[in-house]
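Report on the following structure.
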């Protein structure tokens, strides 16, 4: 709950308003705490995925593959792979 509050506060400081949080059932215990802040917790069913998050992950993977295929390396250091992911995000 503490981490979620920090994220919500960081978003508020950036000018955003958090009204809905999309999660899986692991975050069900935070529902009451978020409701007291006026945030709706949207929990998916068991064995179900959040489509918005899945699409975001797929997009990042596609961008990383695209960057990787433009480079002329057979092996890459871990730092370079990490920076590719940061660039894609």
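Quick rundown of the values:
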read-out: Which of 86, 68 has the fewest Cβ neighbours within 10 Å, and the rest in rising order; value: 86, 68
read-out: Calculated [θ] (222 nm, deg cm²/dmol) that DSSP helices of n ≥ 4 give over the chain, each run adding -39,500 (n - 2.57); value: -16500 deg cm²/dmol
read-out: Candidates 78, 22, 40, ranked by Gaussian network fluctuation over the chain, Cα under 10 Å, top entry; value: 78
read-out: Selected from 44, 70, 59 as most flexible by GNM, with the chain as the system and alpha-carbon contacts under 10 Å; value: 70
read-out: Tilt relative to the chain, helix 78-88 - C-alpha long axis, 0 to 90 degrees, to 10; value: 60 degrees
read-out: Correct option for Rg and Dmax of the Cα atoms in Å [calculated from the coordinates] among (1) 15.9, 52; (2) 26.4, 72; (3) 17.5, 53; value: (3)
read-out: Relative exposure of 76, 84, judged by other C-beta atoms within 10 Å (fewest first); value: 76, 84
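A short reminder: the numbers here are calculations on the coordinates, not readings from a lab. Worth saying up front: this structure is predicted, and the values here are computed from it rather than measured. For neighbour counting, all protein chains shown are included, and Cβ atoms are generated from backbone atoms with ideal geometry for every residue, glycine included.
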